1. So what is the 222 nm mean residue ellipticity for the chain from helices alone, if each DSSP H run of at least 4 adds -39500 (n - 2.57) and you divide by all residues, rounding to the nearest 500 deg cm²/dmol?
2. Cross-link partners among aspartates and glutamates for residue 4, C-alpha distance below 15 Å, same-chain residues fewer than 8 apart left out?
3. Read through the labelled values (i) 55, 43, 29; (ii) 48, 38, 32; (iii) 53, 50, 35 and report the label of the one computed as Cα extents along the principal axes in Å from the structure.
4. Relative contact order of the chain: what whole-number percent is it, with Cα pairs under 8 angstrom and at least 6 residues apart?
5. Quick one: order 18, 155 by neighbouring beta-carbon count within 10 Å, fewest to most.
6. Which distance in nm do the two modelled labels at residue 21 and residue 74 give, with both placed 7 Å along the Cα-to-Cβ direction?
7. What is the order of 112, 39, fewest Cβ neighbours within 10 Å to most?
8. Using θ = phi - 60° and the Karplus curve 6.51 cos²θ - 1.76 cosθ + 1.60, what whole-Hz ³J(HN,Hα) does each residue of the range 86-103 get, with Gly and Pro shown as x?
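Here, each number is a calculation from the coordinates, and none is a lab measurement. All values reported here derive from a predicted model rather than from experimental measurement. Because the Cβ atoms are built from the backbone with ideal geometry, glycine has one as well, and the counts that use them run over all protein chains shown.
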Amino acid sequence: MPGKISLFVPGPTNMPDRVRQAMDISNEDHRAPGMDKFWHPLINDLKKVFETTSGQPIIFPGTGSSGWEAALTNLLSKGDKVLSGRFGHFSHLWIEMCKKLHIDVEEVDCEWGSGTPHEEFEKILSADKEHKIKAVLVTQNETSTGVTNDVKATRELLNNLNHPALLFVDGVSSIGSI
């Protein structure tokens, strides 16, 4: 349409006028009576998306980067060690955020577009007998290079090695689409 900028990226994206107009309402107070009738079904539906009956989905109203920061600062401490591959722009940014938060990163630099280096991860995690690595970071859908990573394979790797590291997944551009 004339006068509109077209965006062809994972986000932000153009929104049809009818959707934008439907959103043009006053904000609801999250403590308002009746909000539980909205939130409870939504959380239960998210459990289906994540294929869990025991996990607790959390809706985080913020950018992907703010989600990373919340996960890192709430589940790890300064000086903790994480393992991450650098294979695109977003995995790079996640590593850089860890460094700013004084989290020690075991980096596996890969050719951009190659994806999660499972063989290298297996060597590193197998050698981590003292379980100093507290988390493994994976960007599921690295939009900067067009690579989708096999998160299930990463989880299975941790399980097969009986490694207690948490698995952090950047699912910003994948959860609703893959």
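1. Values: 6 runs with 65 residues, N = 178.
Computed mean residue ellipticity for the chain: -11000 deg cm²/dmol.
2. 17
3. (i)
4. On the way: 192 pairs, mean separation 31.9, N = 178.
18 percent.
5. Working: 18 7, 155 14.
Taking fewest neighbouring Cβ atoms as first place, the list is 18, 155.
6. 3.7 nm
7. Working: 112 16, 39 11.
Ranking 112, 39 by Cβ neighbours within 10 Å, fewest first, gives 39, 112.
8. For the range 86-103, the Karplus-derived couplings read 10, 9, x, 4, 6, 5, 4, 5, 5, 4, 5, 5, 4, 4, 5, 8, 6, 9 Hz, x marking Gly and Pro.
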